[in-house]
Ligand code: HEC
Ligand code: HEC
């Protein structure tokens, strides 16, 4: 397989050379085929995502760097698409590399993938747009935009060397023991442990993202679920002393945060179309009653927040 890729790349380079259109494009091809050839053998325990510093100067390397910048400074880079003050890396910590914070390492190797919430097999583009529209409470990026393709280039880079379809030890966020938080105790945890960075009104501060209100993630984000938020907080917050809260404190503060107002998510009741929503989903879906639904704030452009599931090009209604 690798040999075949190299042959195709070399054949392509030769063809371009023959037409006299060599130069930077040819260099790009050679650089890319070289990168592929250096992939280490698969060892899930020993695998580490590559470092940006090791990147060269070809077009793919530039796309990966731009993708990284978009993921780390999303709100600033895409003001027309993001209304709030979150970046992808507000949750996918350490540029998507931290194991307990929904790591983006290795994910590219698992797409296309079936997602229960959608009830369909979806592409990586759609998965990115779920976070754009739900977790950033923003608008969907066109799949064929430079920005989307650059983000994908960065995500693919974070999965270099992971064979398609394989899994890593850390995916998503660790499951918490079953519990339900208490908002009264949660207020106290928030006041003593979180407010100094996230603000007394939860709106965030310079370089610190909002936890609720119009600038925060929408009710359709996984982070708006109490158990998911508790897991994130338990393992990653407070930012300067992660791991210092108990499970109970994490649940209590998560209960408080998830009870506060946040942007609505259009079409949310169509999630989990075949049922099976997790117990802490804060809105009604098929066969599920909303768990402690928070007050919702209207979205400015709800139509732009809808990522339709893939439709059939042939238009026939097969089942
Ligand atoms: C508010 C927090 C938050 C923000 C902001 C956010 N995400 Fe996510 N993201 C999550 C959570 C939580 C998951 C689900 C992890 C799981 O499967 O449990 C997730 C999942 C993903 C996945 C799928 C991972 C997998 O293993 O299948 C991708 C890809 C992704 N996010 C990309 C992005 C990108 C790109 C952005 C910025 C445009 C972004 N996310 C912004 C919280 C966030
Ligand atoms: C020292 C400052 C600091 C403290 C204290 C802190 N955070 Fe954070 N928090 C951050 C920063 C910074 C980020 C974003 C990380 C990044 O951009 O790299 C973040 C991200 C988050 C996120 C995901 C993004 C978002 O806006 O939803 C949640 C949830 C969160 N913090 C909850 C909490 C909770 C709950 C507490 C208290 C237990 C807390 N944090 C304490 C600095 C802090």
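Numbers at a glance
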{"read-out": "Pairwise Cα inverse-distance average, inverted: Kirkwood Rh of the range 183-305 (Å)", "value": "14.9 Å"}
{"read-out": "Where only C-alpha atoms are counted, convex hull volume of the range 86-226 per residue in Å³", "value": "135 Å³"}
{"read-out": "Selected from 213, 287, 67 as most flexible by GNM, with the chain as the system and alpha-carbon contacts under 10 Å", "value": "287"}
{"read-out": "Most fluctuating residue given options 61, 69, 279, as computed from a GNM of the chain linking Cα atoms under 10 Å", "value": "279"}
{"read-out": "Order by protection proxy (mean Cβ within 10 Å, highest first), peptides 185-191, 196-202", "value": "185-191, 196-202"}
{"read-out": "Per-peptide average of other Cβ atoms within 10 Å, ordering 49-58, 245-254 highest first", "value": "245-254, 49-58"}
{"read-out": "Per principal axis, descending, Cα span of the chain in whole Å", "value": "72, 51, 36"}
{"read-out": "Using alpha carbons only: equivalent-ellipsoid semi-axes of the range 143-220, gyration tensor based, whole Å", "value": "34, 21, 12"}
{"read-out": "Residue 171 paired with residue 303, simple spin-label distance in nm, labels 7 Å along Cα-to-beta-carbon", "value": "3.7 nm"}
{"read-out": "Computed E for residue 241/residue 116 - FRET, C-beta separation, R0 22 angstrom, nearest 0.05", "value": "0.05"}
{"read-out": "Euclidean distance between Cα centres, the range 99-177 to the range 225-278, Å", "value": "19 Å"}
{"read-out": "The chain: most fluctuating residue of 153, 221, 169 per GNM, C-alpha cutoff 10 Å", "value": "169"}
{"read-out": "Evaluated at q = 0.21, 0.27, 0.28, 0.32 Å⁻¹: base-10 log I(q)/I(0), Debye formula over Cα of the range 242-296", "value": "-0.83, -1.04, -1.08, -1.22"}
{"read-out": "Difference of contour (0.36 nm per residue) and Cα-Cα distance, residue 52 to residue 164", "value": "38.2 nm"}
{"read-out": "On Cα atoms only, tilt of 226-236 relative to the major axis of the chain in degrees", "value": "70 degrees"}
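A short reminder: the numbers here are calculations on the coordinates, not readings from a lab. Only a predicted model underlies this, so the values are computations on that prediction, with no experimental measurement involved. In this analysis, Cβ positions are derived from the backbone assuming ideal geometry, glycine residues included, and neighbour counts consider all displayed protein chains.
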